[in-house]
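Asker: My structure is below; once you've seen it, I'll send some questions.
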Number of protein chains: 2
Amino acid sequence: MEKVPIGTNFFIPMPVVLVGTLVDGRVNFMAVGWCARANANPPMIACGIGNHHHTPKGIGVTGTFSVNLPSRDLLEKTDYCGLVSGATVDKSQVFSVSYGNLKTAPMIGECPVTLECRLVQSVPLPTNTLYIGEIAGAWADPRVMKGGKPDFPVLDPLLLTMPDNTYWTLGSSAGKAWSAGLALKKS
Amino acid sequence: MEKVPIGTNFFIPMPVVLVGTLVDGRVNFMAVGWCARANANPPMIACGIGNHHHTPKGIGVTGTFSVNLPSRDLLEKTDYCGLVSGATVDKSQVFSVSYGNLKTAPMIGECPVTLECRLVQSVPLPTNTLYIGEIAGAWADPRVMKGGKPDFPVLDPLLLTMPDNTYWTLGSSAGKAWSAGLALKKS
């Protein structure tokens with residue numbers, strides 16, 4: 001296979017999350033595509049957010065934020081939260097809001113899984129900041145749980161690819177991790 | 001919807017990548033599930049890797065690493081690279097290897113898209129380190145490109161969910177980003 005150079009601005013397929021904050025006392029939600037687990041123990045998550053956004057103002061003041069996993073049926077509202085800025089539009093009424101252990105990380109009632117995070121470190125980068133948060137609480141709709149674990153086909157998460165700017169559903173199960181390669185290990 | 005608390009060790013669906021390094025002069029590949037874009041301009045990517053792994057030794061010495069996106073047909077080999085450590089097993093022959101602009105970031109010939117990264121910052125966390133790399137080169141098999149962009153259904157990436165430890169394929173297109181929410185914006 002002979003490869004060709006493509007632009008370095010390549011994006012791997014990412015889960016779409018909604019980051020919730022209180023900014024100047026008002027609930028705000030932002031669609032974020034750059035989010036991943038960062039630390040195993042204690043559980044931490046990292047979100048790369050552009051410095052020009054409204055959300056960093058809230059995280060900087062409260063030291064907290066939420067990470068909400070929308071299902072496919074929330075696609076329009078999720079996309080809307082990525083289209084308009086909380087600096088000019090009031091997004092506090094788009095979703096129902098609840099709080100868990102932290103009192104300044106608004107979580108979305110309609111999202112089947114929500115995490116509340118306590119900021120542990122901000123890593124400033126040229127155009128973005130990586131916000132690393134310890135997961136202080138994780139909440140799930142019982143309907144998406146099966147045997148004590150999230151049932152991802154029922155959760156029906158959204159994925160985002162760029163630069164084609166397309167949302168995708170989760171496909172079919174392709175195999176088990178830490179298992180599918182055992183035959184190669186033995187050989 | 002009344003939610004219940006679940007363990008805070010929650011994992012959002014993540015793309016599976018293979019991180020390539022030179023460790024003590026030998027090519028090594030590791031399966032990584034915690035990887036996301038971190039900065040827009042210049043393009044940077046962040047990977048959260050456990051401190052006990054073999055890969056950090058290589059990144060620390062060369063200051064470079066590669067991020068390779070396997071297709072579904074590489075599932076067994078990808079899983080194998082997550083099952084065994086380069087500290088005890090020679091994984092240098094699992095894939096064909098090539099180099100791009102950097103000479104110490106081995107890329108996988110069989111992966112349809114590969115990125116070579118120059119380490120810009122290591123963020124130490126309790127059990128993991130976030131390795132933030134600037135994308136110094138991005139390479140693609142022309143067969144997965146369509147109109148100058150990666151065609152993700154052809155690329156056929158793998159996703160991983162935990163704690164059910166399941167690999168998934170990418171599903172169907174669910175809508176266009178920065179577009180699906182325009183009706184809400186107007187209303």
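Asker: Select from A:S71, A:S98, A:S85 the residue whose mean-square fluctuation is largest in a Gaussian network model of chain A (Cα-Cα springs shorter than 10 Å).
Answerer: Among A:S71, A:S98, A:S85, the largest mean-square fluctuation in the Gaussian network model of chain A belongs to A:S98.
Asker: Assign unit charges at the C-beta atoms only (+1 for Lys and Arg, -1 for Asp and Glu), then state the dipole size of chain A relative to its Cα centre in Debye, rounded to the nearest 20.
Answerer: For this selection, approximately 600 debye.
Asker: If each of A:V4 and B:K146 carries a label point 7 Å out from its Cα toward its Cβ, how far apart are those two points in nm?
Answerer: Computed distance between label sites A:V4 and B:K146 equals 1.6 nm.
Asker: Nm distances between the label at A:A87 and the same-position labels in the remaining copies, 7 Å along Cα→Cβ, shortest first?
Answerer: Reported distances to equivalent positions: 4.7 nm.
Asker: Based on the Cβ-Cβ distance of A:L184 and A:D24, what FRET efficiency does E = 1/(1 + (r/R0)^6) give at R0 = 45 Å, to the nearest 0.05?
Answerer: For R0 = 45 Å, the calculated efficiency reads 0.25.
Asker: I'd like the distance separating the alpha-carbon centroids of segment A:5-83 and segment B:110-152, in whole Å.
Answerer: Centre-to-centre distance over Cα atoms comes out at 20 Å.
Asker: Also, quick follow-up: Tell me the distances, shortest first, between B:G109 and the same position across the other copies, using label points 7 Å along Cα→Cβ, in nm to one decimal.
Answerer: The answer, with the shortest distance listed first, is 5.8 nm.
Asker: For a test of the definition: using alpha carbon positions, the gyration tensor, and the 1.5 limit on a/c, classify segment A:49-108 as rounded, prolate or oblate.
Answerer: In terms of gyration-tensor shape, oblate.
Asker: Work out the charge dipole of segment A:1-97 with +1 on the Cβ of Lys and Arg and -1 on the Cβ of Asp and Glu about the Cα centre, then indicate which of A:Y80, A:N28, A:V94 is farthest towards its positive end.
Answerer: A:N28
Asker: Say each of A:Q121 and B:V89 gets a label point 7 Å from the Cα, pointing the same way as Cα to Cβ; how far apart are those two points in nm?
Answerer: The modelled label-to-label distance comes out at 3.0 nm.
Asker: Another question about this same structure. Report the charge-dipole magnitude of the protein assembly as shown in Debye, nearest 20, computed about the Cα centre from +1 at each Lys and Arg Cβ and -1 at each Asp and Glu Cβ.
Answerer: 220
Asker: Reported to two decimal places, what Rg/Rh ratio describes chain A when computed on Cα atoms with Rh from the Kirkwood expression?
Answerer: 1.00
Asker: Calculate one ³J(HN,Hα) per residue across segment B:16-21 by plugging θ = phi - 60° into the Karplus curve 6.51 cos²θ - 1.76 cosθ + 1.60, and present them in order as whole Hz with x for glycine and proline.
Answerer: 8, 10, 10, 9, x, 9
Asker: Label-point separation (nm) for B:K57 and B:A40, each offset 7 Å from Cα along Cα-to-Cβ?
Answerer: Placing both labels 7 Å along Cα→Cβ, they lie 4.0 nm apart.
Asker: Sum up the charges of everything whose Cβ sits under 14 Å from the Cβ of B:K146, counting Lys and Arg as +1 and Asp and Glu as -1, but leave B:K146 out.
Answerer: Details: positive: B:R143, B:K149; negative: A:D164, B:D141, B:D151, B:D156.
Taking every other residue near B:K146 into account, the sum is -2.
Asker: On a 28 Å Cα-Cα criterion, which of the cross-link pairs A:K57/A:K149; A:K91/B:K176; A:K77/A:K176; A:K57/B:K186 come out too long?
Answerer: Cα-Cα > 28 Å for A:K57/A:K149; A:K77/A:K176; rest within.
Asker: Hey, another quick one. Using a simple charge model, +1 on the beta-carbon of Lys and Arg, -1 on the beta-carbon of Asp and Glu, nothing else, what dipole does segment A:61-122 show about its Cα centre, in debye to the nearest 20?
Answerer: Using only the charged Cβ atoms, the result is roughly 200 debye.
Asker: Net charge near B:W168: determine it from the other residues with C-beta under 13 Å of the C-beta of B:W168, scoring Lys and Arg +1 and Asp and Glu -1.
Answerer: For residues surrounding B:W168, the net value is -2.
Read-outs throughout are calculated quantities, based only on the coordinates presented, and are distinct from any laboratory measurement. Just so it is clear, the model here is predicted, and its values are computed rather than measured. Here the Cβ is made from the backbone with ideal geometry for all residues, glycine too, and neighbour counts use every protein chain on show.
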